[in-house]
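Comments concern the structure below.
The values are calculated or read from the model by the stated rules, or taken from the named source; none is laboratory data. All values reported here derive from a predicted model rather than from experimental measurement. A quick note on method: Cβ atoms are made from the backbone with ideal geometry, for glycine too, and the neighbour counts reach across all protein chains shown. Areas reflect the complete protein model, heavy atoms only, side chains present, ligands, DNA and RNA absent. Shrake-Rupley method; radii C 1.70, N 1.55, O 1.52, S 1.80 Å.
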Amino acid sequence: MTTIDLPHVIDFTAAPAVLRVEATSRRVQQPASSADLVSLAVGEPDFDTPQKIVDAAGASAERGRTHYAPMAGDPALRQRLATEITALRGLPTDASDVLVTQGGTAGLSAAILATVGPGDRVVIPDPTYSLYADLVSLAGATAVHVPIAEDLHWDLDALRAALPGARMFVFCNPGNPTGIVHSRAEIEALASMLEGTDTIVLADEAYAALSYADEPFTSALQVPALEGRTIYCQTFSKNYAMTGWRVGYLWGPSAIIEAATRVHGTFNGSLNTFVQDAAIVALDECDADIVRMRDSYLRRREVMREALAAVPGLELSEPEGAFYFFPRFDAPFTSVEMVAHLREHGVAVRPGSEFGPSGEGRLRLSYAASDDAIRTGVARMAEALTALRSS
């Protein structure tokens, strides 16, 4: 019998950056809907990408636009994005300060890893999108979680106490998972707290087109007192139902964008050229599609609100934007345990604790789903919670 000498098996330990993220991360993967499971867990539009965008990508590829793009993005798209930002700010914007990224995720990664390092403090409202804290851990910095108020808006006193000496403040508006839209007054209060400091503000406005609040949405770029310290992160994923296309961008102070470009070029490289051409068509021709999808989300919000109101043991919040409800539940379970219990009854949601310690006792439900999925999923939740209360 032939004897085969096996190669030496190395004694592998992941790098410290990986171990830091593993030690602190709260992120979990939730399933999509299947034959036996209705998923209200996924923060992804269920709409197909508008056909004009799909056609534009195909036409661009057929023209031979399949080679490397410049590292910071195709000049035509960067100029078009600069025009968008100029309209938002009301100030001239140079295309050289725009970085096209592999989706909003890569934009956030480039912004944080380019500006934050060991020993730095990064202030994060809690609960909020869990990627922020993971990136801070990856950079070797410390995430300072600041609990939000009972109405899910910022606790301004707690924020004021936490910000001194912070390298960065990160927030999303409208909020994930809360569905809150931060008002102009809130953002101006933040600006006042930071006056005279070197704290950088990273404003993730992925859901900006999905605001249902009574007052107009206020971007961080529309608050003059934040000028010179704000990195603006945006994505085509939510507004245009382009999650799989991976198109995002950053804008901010020149030195910061230069550093972020270095990080993005090292980690990701340039975005597909034909996809960037399609993104221009999205900006130029698809405003009506944004309105159509926004109107559908607004209607679905009411469908989910009506269904959730009949579920025992839930305290509903009032979503003002994005496509999430973030109710508190009344049961002697952790949110992770509650998610597991609901899964046994055929519905998937996300645990509130995934988004920070202050999210414990809550669940995140997405209404970026069909009416049937919303009604069926919430009905299964009602059944599961009723069974708990009767046991």
Report, in debye and to the nearest 20, how large the dipole of the chain comes out about its Cα centre when Lys and Arg carry +1 and Asp and Glu carry -1 on their Cβ.
380
Counting only other residues whose beta carbon sits under 12 Å from that of A41, what net charge do I get with K and R as +1, D and E as -1?
+1
The distance between the Cα centres of segment 166-181 and segment 374-389, in whole Å, is 30
Would you work out which of L19, T199, A56 lies farthest towards the positive end of the dipole of the chain, given +1 charges on the beta-carbon of Lys and Arg and -1 on that of Asp and Glu, about the Cα centre?
L19
With every protein chain kept in the model, how would you rank I4, I187 by accessible area, 1.4 Å probe, largest at the top?
I4, I187
I need the peptides 282-292, 226-236 ranked by packing, meaning the mean over residues of other C-beta atoms within 10 angstrom, with the highest value on top.
226-236, 282-292
Ordering L163, L316, L6 from largest to smallest accessible area (1.4 angstrom probe), what's the sequence?
L6, L316, L163
